[in-house]
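K.L.:
Sharing a structure with you now.
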Amino acid sequence: EAGVTQSPTHLIKTRGQQATLRCSPISGHTSVYWYQQALGLGLQFLLWYDEGEERNRGNFPPRFSGRQFPNYSSELNVNALELEDSALYLCASMRIGATYEQYFGPGTRLTVT
Amino acid sequence: QKEVEQNSGPLSVPEGAIASLNCTYSDRGSQSFFWYRQYSGKSPELIMSIYSNGDKEDGRFTAQLNKASQYVSLLIRDSQPSDSATYLCAVNQNRGGYNKLIFGAGTRLAVHP
């Protein structure tokens, strides 16, 4: 069974630009979560998508947004990039049910210069 | 009080010893608990899930849960240098249909030969 995939692996942008990150969940998983992990810091919850809808978002400004497609893949968009947006962005997928286990993709390293 | 607390470490243990990692959480309603291992620069990998009070063993790993004390731990027997990583404790929070994992900041484990 293929795991969660993310693209690109690395992304370098300049301040003020927009970044688009992509995630494909494990087959059969309908939920996609996005997290930010800045260097030396913990995982911060960004967004949760399930069945094509945004279900919950963390304490991040509106310039962090995304969507989930009919095939359950997801896209995270970060507008008006700031230097402090530099981080590892992780996507995790989950099958809604009793276990709530989330499986992570390899991440996208975003660097804002 | 943080929602999920862990000692940051580093926890240094000799090869072959038992490593004990601890985690406390604040939400009494939490029902699902997870341990993730994260190597430097990599994404978190789910290594244990536990849902009921008591112990759960999987190979060299044992997770322990005490809901009354709001405490979850991870024991690693016969520690190996390859176990050196940051271990993240995560607690599922389900409120009004909104479901997300709350992560601790992680405990860095160093296993020395």
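The values are calculated or read from the model by the stated rules, or taken from the named source; none is laboratory data. The structure presented is a predicted model; accordingly, all values stated were derived computationally and were not measured. Note that each Cβ is placed from the backbone with ideal geometry, even for glycine, and that neighbours are counted across all protein chains shown. Protein only, heavy atoms only, side chains kept; ligands, DNA and RNA dropped before computing areas. Shrake-Rupley method; radii C 1.70, N 1.55, O 1.52, S 1.80 Å.
K.L.:
Can A:LEU39 be described as among the aliphatic types (A, V, I, L, M), assigned to a strand (DSSP E or B) and under 20 Å from B:ALA105 (Cα atoms)? Outline the logic, then answer.
P.N.:
On the way: among the aliphatic types (A, V, I, L, M): yes; assigned to a strand (DSSP E or B): no; under 20 Å from B:ALA105 (Cα atoms): yes.
For A:LEU39, the condition - among the aliphatic types (A, V, I, L, M), assigned to a strand (DSSP E or B) and under 20 Å from B:ALA105 (Cα atoms) - is not met.
K.L.:
Might you check whether a residue that is closer than 18 Å to A:THR20 by Cα, in a loop (DSSP other than H, G, I, E, B) and not acidic (Asp, Glu) occurs anywhere in the range A:87-104?
P.N.:
Within the range A:87-104, not a single residue is closer than 18 Å to A:THR20 by Cα, in a loop (DSSP other than H, G, I, E, B) and not acidic (Asp, Glu).
K.L.:
Those residues that are crowded, with 21+ Cβ neighbours inside 10 Å and outside any loop (DSSP other than H, G, I, E, B), I need them from the range A:7-36; list them, please.
P.N.:
Our first condition is that a residue be crowded, with 21+ Cβ neighbours inside 10 Å; within the range A:7-36, this holds for A:21, A:23-25, A:31-36.
Passing the criteria: A:LEU21, A:CYS23, A:SER24, A:SER31, A:VAL32, A:TYR33, A:TRP34, A:TYR35, A:GLN36.
K.L.:
Checking A:GLY97 against (1) open to solvent by less than 60 Å² (accessible area, probe 1.4 Å); (2) over 19 Å from B:LEU101 (Cα atoms); (3) free of Cβ contacts under 8 Å to residues at least 24 places away in the same chain, only one condition comes out false. Which one?
P.N.:
The number of the failed condition is (2).
K.L.:
Could I ask something else about it? Out of the residues in the range B:82-104 that are open to solvent by less than 10 Å² (accessible area, probe 1.4 Å) and either outside any strand (DSSP E or B) or in contact with a helix residue (DSSP H, G or I) (Cβ under 8 Å, 6 or more places away or on another chain) (or both), which is farthest from the other protein chains (Cβ to nearest Cβ)?
P.N.:
Within the range B:82-104, the match that is farthest from the other protein chains (Cβ to nearest Cβ) is B:ASP83.
K.L.:
Right, here's the next one. Kindly indicate whether B:ILE102 is of a type in the set (Val, Ile, Thr) and touching a Leu at 6+ places or on another chain (Cβ under 8 Å).
P.N.:
It is false that B:ILE102 is of a type in the set (Val, Ile, Thr) and touching a Leu at 6+ places or on another chain (Cβ under 8 Å).
K.L.:
Consider A:GLY52 carefully, then state whether it is closer than 21 Å to B:LYS2 by Cβ and over 13 Å from the mean Cα position of the chain (by Cα).
P.N.:
Considered against the rule, which asks whether it is closer than 21 Å to B:LYS2 by Cβ and over 13 Å from the mean Cα position of the chain (by Cα), A:GLY52 comes out as no.
K.L.:
Here's another thing I want to ask about it. If you go through the range B:1-46, how many residues are closer than 28 Å to B:ALA68 by Cβ, assigned to a loop (DSSP other than H, G, I, E, B), open to solvent by less than 60 Å² (accessible area, probe 1.4 Å) and not acidic (Asp, Glu)?
P.N.:
Final tally of qualifying residues: 7.
K.L.:
Look at B:ALA68 and say whether it is assigned to a loop (DSSP other than H, G, I, E, B), aliphatic (A, V, I, L, M) and more than 14 Å from chain A (Cβ to nearest Cβ). Outline the logic, then answer.
P.N.:
On the way: assigned to a loop (DSSP other than H, G, I, E, B): yes; aliphatic (A, V, I, L, M): yes; more than 14 Å from chain A (Cβ to nearest Cβ): yes.
In short, yes.
K.L.:
May I pose another question? Just checking, does the range B:36-45 include any residue being free of Cβ contacts under 8 Å to residues at least 60 places away in the same chain and more than 23 Å from A:LEU90 (Cβ to Cβ)?
P.N.:
no
K.L.:
Kindly evaluate B:ASP58 against the criterion of being more than 13 Å from the chain's Cα centre (by Cα), acidic (Asp, Glu), surrounded by fewer than 19 Cβ atoms within 10 Å (Cβ to Cβ) and at positive phi.
P.N.:
No: the conditions fail for B:ASP58.
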